[in-house]
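> What follows is a single structure, and I will ask about it in a moment.
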Amino acid sequence: MSAFVFVLPTWPVDVWTQAMKAAAPDLDVRVWPNHLGRVEDIKYAAAWLPPADVLKGFPNLKLICSLGAGVDAILGDPTLPRDIPIVRVNDPDLTTRMSEYIVLHVLMHHRQQRRLGANQKLGVWDSFPTHAASALTVGIMGMGVMGADAATKLAMLGFKVVGWSRSRKTIPGIRCFAENELDAFLSQTDILVSLLPATKETDGIINRALIQKLSRKGPFAAPIMINAGRGRQQVEEDIITCLDNGELYAATLDVFSQEPLPRSSPLWSHPKVTLTPHAAADSDPETICRYVHQQIQNFEIGQPLQNLVDRKRGY
Ligand code: NDP
Ligand code: OXD
C-alpha cells in the first residue's frame, strides 16, 4: 500500500482524511504533522498552504498534488524538492463555483444591488434608471480554465467580454488579447476581473497606473474591479486611493495581500468595497480527493499526469 500524506495546516484535515479514505481505499492516508508514520514510506503528498520545509521532509516523495488551482504557496517554499512533478486542481466543480462568484459580482455591480440594499435599509423607494448588460465590457485578466469559463457565461448574459492572457486565446464571442496588448485590453474594460495566478510577473499588477488605463466610457463613468485571483496582484493602498478619488467606482475583493485580512485594514469598512474571505471557489473534499486519487492512479500506471504545473512559469 502506498503512503499518502495531507499537509493542510489551515483546513479541517479530518474531513479531508475521511474523503480521501473513501476515494482511495488503496492508499495509506497519513496526516502532517501528527500522523506521519515513517516518512520514508510517503510517496504522495497533497497540500494547501504547506509551511516551508515540510515537503522536503519526505525523502521518497514522487508526486505533489495542490488541493487548489493556485500553486503559489507550494512554489514559494524555497526548499521544495526539485524534479518532483506538481499537479494542480482543474475540476468542473471548482471552475463552476468560481464562475458563479464572478457572475454574481458582475451582476451585483451592474444592477447596483448595493445601492438598492442601502435604499431598502433607509426605506427609500428610488427606482433609478438602469442599463443593459451590453452597455458594459467585462475584461478578464487570466483566460485559463477559470477565466475562459467565466467569460463564456458572462457573454451568455449579454455582457461584452474581452480577455487577456500570455498567449492569445480563441473563444467564440470573446475578443482576446495577448500579453503585449495589455493597454488595448484595459482601454476597453469597464469591469476588470482578475483570475490570474500569483507569479513574479503578476505581483502588484493591479496598481494605480493600471487602473488609470481602464475605460471611463461605461455607464458608471469609472471602472469597477473584481479580484478573485490572488491578493499579491493588487496594491491595496492604490485601490483605496482610486476608490477615494473616483478613479475606481467600486471593487469586489476576495483575495488580499495578507490573509486573513487584518481587522485594521480600511478595506473592511470602505463604502465602495465588497469583500469576501477568499471564498470565491471552495475546494470540495469529495470531488477533489477523487481527482487526486485519479492522478495518483495515472502516475502508478505510467499514464501522463494532467494539469502539471510549469515551475518556470510559476503556474
Ligand atoms: P490557469 O493556469 O488555467 O490560467 C491562468 C491564466 O493566467 C492563463 O490564461 C495564463 O495565460 C494567464 N497568465 C499567467 N501569467 C500571465 C501573465 N504574466 N500575463 C498575462 N496572462 C497571464 O489557472 P486557473 O484559471 O485554473 O486559475 C487561475 C487562478 O485563480 C489560480 O492561479 C488562483 O490564483 C485563483 N483561484 C482563486 C480561487 C479563490 O477562491 N479566490 C479559487 C481558485 C483559483 P496562458 O493561458 O497564456 O498561459
Ligand atoms: C485555489 C484557491 O487556488 O482556492 O484553488 O484559492
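The values are calculated or read from the model by the stated rules, or taken from the named source; none is laboratory data. Bear in mind the structure is a predicted one, so any value in this text is a computation, not a measurement. Cβ: placed from backbone, ideal geometry, glycine included. Neighbour counts: every protein chain shown. Calculation scope for accessible area: heavy atoms of the full protein, side chains included, ligands and nucleic acids excluded. Shrake-Rupley method; radii C 1.70, N 1.55, O 1.52, S 1.80 Å.
> Using alpha carbons only, how many angstrom separate the centre of segment 282-300 from the centre of segment 196-249?
Measuring centre to centre over Cα atoms gives 35 Å.
> Shape of the chain from its Cα gyration tensor (a ≥ b ≥ c, root eigenvalues): rounded if a/c is under 1.5, otherwise prolate when a/b > b/c, or oblate?
Numbers: a/c = 2.12, a/b = 1.91, b/c = 1.11.
Prolate, because a/c is 1.5 or more and a/b exceeds b/c.
> Based on DSSP, what percent of beta bridges with both residues in the chain are antiparallel, to the nearest 5? Please report the intermediate quantities before stating the final value.
Details: 3 of 43 bridges.
Just about 5 percent of them are antiparallel.
> A follow-up question, please. Please compute the Kirkwood hydrodynamic radius of segment 156-290 from all pairs of different C-alpha atoms, in Å with one decimal.
That comes to 15.9 Å for segment 156-290.
> What's the center-to-center distance, using Cα atoms, between segment 1-59 and segment 145-177 in Å?
37
> Then there is this: Grab the Cα-Cα distance for K121 and K21, subtract it from 0.36 nm times how many residues apart they are, and report the gain in nm with one decimal. Kindly include the intermediate steps, with their values, before the conclusion.
Values: separation 100, 0.36 × 100 = 36.00 nm, distance 4.82 nm.
The K121-K21 span can extend by a further 31.2 nm.
> Ok, one more. If you take every residue apart from I171 with its C-beta less than 14 Å away from the C-beta of I171, what net charge results, scoring Lys and Arg +1 and Asp and Glu -1? Please list the in-between numbers first.
Details: positive: K153, K160, R168, K169, R175; negative: D149.
My count for the surroundings of I171 gives +4.
> Looking only at R38, R168, R232, which one moves most when the chain is put into a Gaussian network model with springs between Cα atoms under 10 Å?
In this elastic network of the chain, the residue with the biggest mean-square fluctuation among R38, R168, R232 is R38.
> Ok, one more. What part of the accessible area of the chain, given as a whole %, is carbon or sulfur when the probe is 1.4 angstrom? The partial results should precede the final answer.
Values: 7980 of 15020 Å².
The value for the chain is 53 percent carbon and sulfur by accessible area.
> Right, here's the next one. Quick check for you: with a 1.4 Å probe and neighbouring chains kept, what is the accessible area per residue of segment 182-315, in Å²? Let's see the in-between values first.
Working: 6180 Å² over 134 residues.
Heavy-atom SASA per residue in segment 182-315 reads 46 Å².
> Next question, about the same structure. Can you give the calculated 222 nm mean residue ellipticity of the chain, where each DSSP H run of n ≥ 4 adds -39,500 (n - 2.57) and the sum is split over every residue, rounded to the nearest 500 deg cm²/dmol? All intermediate terms of the calculation are to be shown ahead of the outcome.
Values: 9 runs with 94 residues, N = 315.
The helix contribution divided over the chain gives -9000 deg cm²/dmol.
> If you take every residue apart from A184 with its C-beta less than 11 Å away from the C-beta of A184, what net charge results, scoring Lys and Arg +1 and Asp and Glu -1? Mind showing how you got there, number by number?
Details: positive: R175, K213; negative: E181, D183.
With Lys, Arg at +1 and Asp, Glu at -1, the net is 0.
> Where the only charges are on Cβ atoms (+1 Lys, Arg; -1 Asp, Glu), what is the dipole of the chain about its Cα centre, to the nearest 20 debye? Write down the numbers at each step before the final one.
On the way: 32 positive and 32 negative charges, 138 e Å.
Rounded to the nearest 20 debye, it is 660 debye.
> What does the charge count around N307 come to, taking other residues whose C-beta lies under 11 Å from its C-beta (Lys +1, Arg +1, Asp -1, Glu -1)? Present the calculation step by step, with values, prior to reporting the outcome.
On the way: positive: R88; negative: D91, D310.
Computed value for this residue: -1.
> Label points 7 Å out from Cα along the Cβ direction at N60 and A135: separation in nm?
6.6
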